[in-house]
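Here's the structure, in structure tokens; my notes come after.
The values are calculated or read from the model by the stated rules, or taken from the named source; none is laboratory data. As the structure is a prediction and not an experimental result, all values here were calculated from the model. In this analysis, Cβ positions are derived from the backbone assuming ideal geometry, glycine residues included, and neighbour counts consider all displayed protein chains.
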Amino acid sequence: MKDDRRSAFRDAHTDRDTAAHVPQTPQTTNPSYRLAFADADFLCRDELRPVRLQLELLKFDMLLDEHQIASTVVLFGGARIPAPAHKDKARTRTLAELSHFYDEARKFAGLMTRKSLASGNRDFVVVTGGGPGVMEAGNRGAQEQGGVSIGLNIVLPHEQAPNEFVTPDLAFNFHYFAIRKMHFLMRARAICVFPGGFGTMDELFESLTLIQTGRMRRVPFLLFGREFWERIINWDALRDAGTISPEDLDLFRFVETADEAAEIIENWDPAPARDDIPGR
């Protein structure tokens, strides 16, 4: 068997397997004898949080590199928005009325996936939070076009498994919200935000803040559903209060349809990160 490892030292897998078959004695069965990197109880200790943060950043970055994924199109949006066929089961009238955005997310993901397929599934790969609602629509639209899509799930007390449309090799699970957010944005070529709740708004404002402050380059930042977003957030009041500058309202665009969003992305003129914050 060919050994492609760069190191001349014995590999960790071999030692882990060897250690699992040592004679059972009071010494070898004691937790202190476990290899540190193979000791789940040790890795879960509070003192190991910095290591877990690093592992979570590194693991999924390496997997995306192995799949040669260079850039992504991010879809944020509500888990509670139903498919139009199920809008009669929506919890509120508003959710039922928002159900058409499920189809727009599905169509938009399909358009981006066609673009991605031309690059061999390397660029403009759709990434969602991996859950239901708008997230499901995004992964579904990508699968229907024969492409791949990413699902970034996170462990929650009530969370279900990833939706069935996430590409299995690209279904990831996180413990840390912060690292999950980094993975959403590290390869982003566009950010598309559909109506949603606390989680969606958290992702929206964190992403906008990174662009506003110049910590992230300008990318198409598209809010689907002007009526929803202008009813939920008083953008003009923020500007008039001086807590944001008038120029900050140019960091995003409102769109209504998948075709409109795809056209903006197709004709986007790359823009560098800001080097100052207007009005400050």
Report summary line: (1) closer than 21 Å to Glu256 by Cβ; (2) in contact with a helix residue (DSSP H, G or I) (Cβ under 8 Å, 6 or more places away or on another chain); (3) among the β-branched types (Val, Ile, Thr) all hold for Val127 apart from (1)
Report summary line: Considering residues that are under 18 Å from Ala258 (Cβ atoms) and small (Gly, Ala, Ser), the number found within the range 189-219 is 2
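Given Ile81, Ile69, which one is closer than 18 Å to Gly199 by Cα and either of a type in the set (D, E, K, R) or modelled with pLDDT of 95 or more (or both)?
Values: Ile69 fails: closer than 18 Å to Gly199 by Cα.
Unique residue meeting the criteria: Ile81.
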Report task. Could you give me the residue pairs with C-beta distances under 7 Å whose first residue belongs to the range 80-101 and is without any contact (Cβ under 8 Å) to a residue 12 or more places away in the chain, whose second residue is assigned to a loop (DSSP other than H, G, I, E, B) wherever it lies, and which are 6+ apart or on separate chains? Result -> Lys89/Pro82; Ala90/Pro82; Ala90/Ser99; Arg91/Arg80
Requested in this report: Would you please list the contacts, defined by Cβ atoms under 6 Å and residues six or more apart or on different chains, that run from a residue in the range 258-276 that is over 18 Å from Leu185 (Cα atoms) to a residue that is modelled with pLDDT of 90 or more and among the β-branched types (Val, Ile, Thr)?
Outcome: Ala261/Val255
Requested in this report: Please report, ordered by residue number, the helices (runs of 4 or more DSSP H) entirely within the range 13-132 with at least 1 residues that are buried (at least 18 other Cβ atoms within 10 Å of the Cβ) and not acidic (Asp, Glu).
Outcome: 49-66, 100-117
Query raised in the report: Does the range 181-199 hold any residues that are part of a helix (DSSP H, G or I) and either surrounded by 20 or more Cβ atoms within 10 Å (Cβ to Cβ) or touching a helix residue (DSSP H, G or I) at 6+ places or on another chain (Cβ under 8 Å) (or both), and which are they?
Result: Lys181, Met182, His183, Phe184, Leu185, Met186
